[in-house]
Amino acid sequence: VGGRVMAWHAKELGLEVSEQELAASLKTSFPQLFPGGNFVGKEVYANFLQQNGTTIPEFEENFKRDILRQRLRK
């Protein structure tokens, strides 16, 4: 709950995460999804997330929330 409150507060302050920022953060955090700098593709990405018990929309929403929380802390 605390994380969602922080994310809500960040959005109230006008902080948002663009698709480009999301992609850059994913590339940094999950380099195995970008071998040689190229994205492995949506199907491999979805399978990777499924193995970790989540879907692309769920994961990306949570990941964006984490980015917003980090920004708030700064």
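Remarks
- The residues neighbouring residue 62, those whose beta-carbon lies less than 13 Å from its own, together hold a net charge of 0 under the Lys/Arg +1, Asp/Glu -1 convention.
- With all protein chains in place and a 1.4 Å probe, the accessible surface of the chain carries 52 percent carbon and sulfur.
- Restricting segment 1-62 to GluC sites (Glu not before Pro) in coil, as DSSP defines it, with at most 16 other Cβ within 10 Å: 16
- For chymotrypsin sites (Phe, Trp or Tyr not before Pro), the sites in the chain that DSSP calls loop and that have at most 13 other Cβ atoms within 10 Å are 39.
- Stretchable slack from residue 42 to residue 9, in nm (0.36 nm times residue separation minus alpha-carbon distance): 8.8 nm
- Net charge of neighbours whose Cβ lies under 15 Å from the Cβ of residue 50, counting Lys and Arg as +1 and Asp and Glu as -1: -2
- Cα-based Rg of segment 12-74 normalised by 2.2 N^0.38 Å, two decimals: 1.18
- Taking 7 Å steps out from each Cα toward its Cβ at residue 56 and residue 28 produces label points 2.3 nm apart.
- For residue 74, the lysines whose Cα falls under 22 Å of its own Cα, not counting residues fewer than eight places away in the same chain, are 11, 27, 64.
The values are calculated or read from the model by the stated rules, or taken from the named source; none is laboratory data. These figures come from a predicted structure and were not determined experimentally. No Cβ is skipped: glycine too gets one built from the backbone with ideal geometry, and neighbour counts run over all protein chains shown. The accessibility values were calculated without ligands, DNA or RNA, using every heavy atom of the protein model including side chains. Shrake-Rupley method; radii C 1.70, N 1.55, O 1.52, S 1.80 Å.
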